[in-house]
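> Okay, handing you the structure first.
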Amino acid sequence: QKLKEFRKVPEMDFAIHEVAASIDSLLDYVRLREGNFKMYEDEQAFFLDFIDFTLLTDGTSSDAEFRYIEEIGKRDSMTFALKTEGINPSQLLSFEKDSLPGLADAWLSGNYRGTIVLPFDQEGTKLIHRADLMVDDFFYIAEDTISAGMFKYQTENISYEGETKKAVLATLDARNDFFFKDLKSPFFQSDSLGLQVDITNGIVGITPHFYDRFAKGETGTIKLFPYEEPPRVELDYAIGNLPLEDFLETFNSEELLKGTVDIKLDLDANGLDLESITSSLAGTIYVVGDSLMLQGLNLDEVIRDFQRSQSFNLVDIGAVVLTGPAGIVYSKGSSYVSLLTADKNDSTQISKFSSKWSLDTGKIKADDVAFATLKNRVAAQGWLDMKTDSLDFSIGILNDKGCAIYNQRIFGSAGEPEYSKVKFLKTLLAPVTNVVKGALGVKCDVFYDGIVTHPEKPEKERK
């Protein structure tokens, strides 16, 4: 500070062996080694340059350059460039790591360059007035690896209340914009993805913006409440007219379904680990579509052959299709997908598809799950309990009254489920309250009465 009391600061150059720095309640000590330090001023500004330094943290080193600028009548600012093959933010930050646990505990690499504009002295609750960051060849390495050809971050007016370590994040206010180009992960990829992240008193609202062609009709937000006890997350999101080919490609899955669907997610959960989050999960998931095309399988032929021989599980006919595009993503490599890709030249036109599920304390229940081909209608009923890793579903091939002509149950452990024998309609007859006279001329229990209607017979068959 005394150096700045000169009428004019003389230009000074130093060869620095090592210098350490920290920011109270935010940044632990970091070390800069073996670089050049230059201090000078002109008529408008005072400069501190750190050139060709090596930034040292626990077990890592990175190439670094910094410039601090103090301009007359303007906010102080800092520019920086950093090239690193591995740096862990959790080893640098000194505040309590009690929000989004583990998020900062990852290895980052890439070529970073950016600007930070500091607040005026009288803006005592502000941490940063504005920040811009650009990263090329970005890698985030934790349990999974996320990479991006380019990553851009902008923020304005990061402020907080109070002075305790926890309050830095618990009372944080900020508007943040993230943009990823050529984003890739083990389960997801996107040519262009934007995230608007608004933080108000520590509550985080995330609004994704997909710039790929597959999700132009998306709306909604993800809200994180990291300082509630326990922490909580809310998801309210919808995508209209989603092209399934692009969706499946985004999740590195085969293009087994073609056409467009509407997706609506309304979910919330709480907890700090996967077990507590899944056990508290509640809300609804709804996927609906018309005129879809299933590649690699002629379901009408499979059902015809099944009715003749019943030589394989009825569950295999509907398992992936009934769960929708998410089922294909989740089940890739399973026997279901093997069935679907038995003949690449085969296909099935699906006239109507519904996959509506309700969730309550980790238990997922099928509310309206069915599809219709040009000749058949298939539906499912039952539940999956994520807390106990158990399930109990029934898959039915329906007649025009919604009764199951054929019905098979899958139950027990989700990892190694058991299958019942396939039951024919006549074996299911019993005194019931909700019965109709089915196509076979006998009373039957209605298996499905949702929005998917039975396919109409061709006109020549109706005569």
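> Is it the case that the range 403-414 has a residue that's exposed (fewer than 14 other Cβ atoms within 10 Å of the Cβ), charged (D, E, K, R) and at pLDDT below 90?
Within the range 403-414, none of the residues are exposed (fewer than 14 other Cβ atoms within 10 Å of the Cβ), charged (D, E, K, R) and at pLDDT below 90.
> Looking only at the range 441-459, filter to residues that are modelled with pLDDT under 85 and in contact with a strand residue (DSSP E or B) (Cβ under 8 Å, 6 or more places away or on another chain); which one of those is nearest to residue 366 (Cα to Cα)?
The extreme case among them is 444.
Here is a yes/no grid of residues against (1) surrounded by fewer than 18 Cβ atoms within 10 Å (Cβ to Cβ); (2) among the acidic types (Asp, Glu):
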{"site": "50", "(1), (2)": "no, no"}
{"site": "55", "(1), (2)": "no, no"}
{"site": "60", "(1), (2)": "yes, no"}
{"site": "71", "(1), (2)": "yes, yes"}
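> Going by what's in this entry, would residue 329 be described as at pLDDT 90 or above and either among the hydrophobic types (A, V, I, L, M, F, W, C) or crowded, with 16+ Cβ neighbours inside 10 Å (or both)? Give the derivation first.
Numbers: at pLDDT 90 or above: no; either among the hydrophobic types (A, V, I, L, M, F, W, C) or crowded, with 16+ Cβ neighbours inside 10 Å (or both): yes.
So residue 329 fails the test.
> Shifting gears a bit: Give just the number: which of (1) within 30 Å of residue 145 (Cα to Cα); (2) at pLDDT below 90 does residue 79 not satisfy?
Every condition holds for residue 79 apart from (2).
> A further question follows. Give 146, 128, 116 a once-over and let me know the one that is within 20 Å of the chain's Cα centre (by Cα), outside any loop (DSSP other than H, G, I, E, B) and of a type outside the set (Phe, Trp, Tyr).
After ruling out the rest, the residue left standing is 146.
> Can I ask one more? Go through (1) modelled with pLDDT of 80 or more; (2) part of a helix (DSSP H, G or I); (3) closer than 24 Å to residue 245 by Cα one by one and return the number of the condition residue 278 breaks.
It fails just one condition, (3).
> Another question, then. List pairs: first in the range 272-296 and on the phi > 0 side of the Ramachandran plot and open to solvent by less than 40 Å² (accessible area, probe 1.4 Å), second small (Gly, Ala, Ser) and part of a strand (DSSP E or B), Cβ under 8 Å, 6+ apart or cross-chain?
Partner pairs satisfying both residue conditions: 283/358; 296/347.
> A further question on this structure: Given the criteria open to solvent by 40 Å² or more (accessible area, probe 1.4 Å), out of contact with any Pro (no Cβ under 7 Å at 6 or more places or on another chain) and at pLDDT 85 or above, does residue 153 qualify?
In short, yes.
> For the condition outside any strand (DSSP E or B), modelled with pLDDT of 80 or more and open to solvent by 30 Å² or more (accessible area, probe 1.4 Å), what is the one hit in 229, 234, 255? Give the derivation first.
Working: 234 fails: outside any strand (DSSP E or B); 255 fails: modelled with pLDDT of 80 or more.
Result of the check over 229, 234, 255: 229.
> Return the total of residues in the range 169-212 being within 20 Å of residue 235 (Cβ to Cβ), outside any strand (DSSP E or B) and under 15 Å from the mean Cα position of the chain (by Cα).
Counting residues in the range 169-212 that are within 20 Å of residue 235 (Cβ to Cβ), outside any strand (DSSP E or B) and under 15 Å from the mean Cα position of the chain (by Cα) gives 3.
> Here is a follow-up. Condition first: surrounded by fewer than 18 Cβ atoms within 10 Å (Cβ to Cβ) and more than 17 Å from the chain's Cα centre (by Cα). Now tell me which residues in the range 261-270 satisfy that.
262
> Of all the residues that make up the range 349-402, how many are part of a strand (DSSP E or B), polar (S, T, N, Q) and open to solvent by less than 50 Å² (accessible area, probe 1.4 Å)? So that I can check it myself, show each step before the final result.
Initially, the range 349-402 is screened for residues part of a strand (DSSP E or B), giving 349-360, 363-373, 377-385, 390-398.
Restricting the remaining residues to those that are polar (S, T, N, Q) gives 349, 351, 354-355, 358, 373, 381, 390, 394.
Right, trim to open to solvent by less than 50 Å² (accessible area, probe 1.4 Å) and you get 351, 354-355, 358, 373, 390, 394.
The number of residues fulfilling the criteria is 7.
The values are calculated or read from the model by the stated rules, or taken from the named source; none is laboratory data. Predicted, not measured: the structure shown is a model, and the values here were computed from it. Virtual Cβ from ideal backbone geometry, glycine too; neighbours counted across all protein chains shown. Heavy atoms of the whole protein, side chains included, go into the accessibility calculation; ligands, DNA and RNA do not. Shrake-Rupley method; radii C 1.70, N 1.55, O 1.52, S 1.80 Å.
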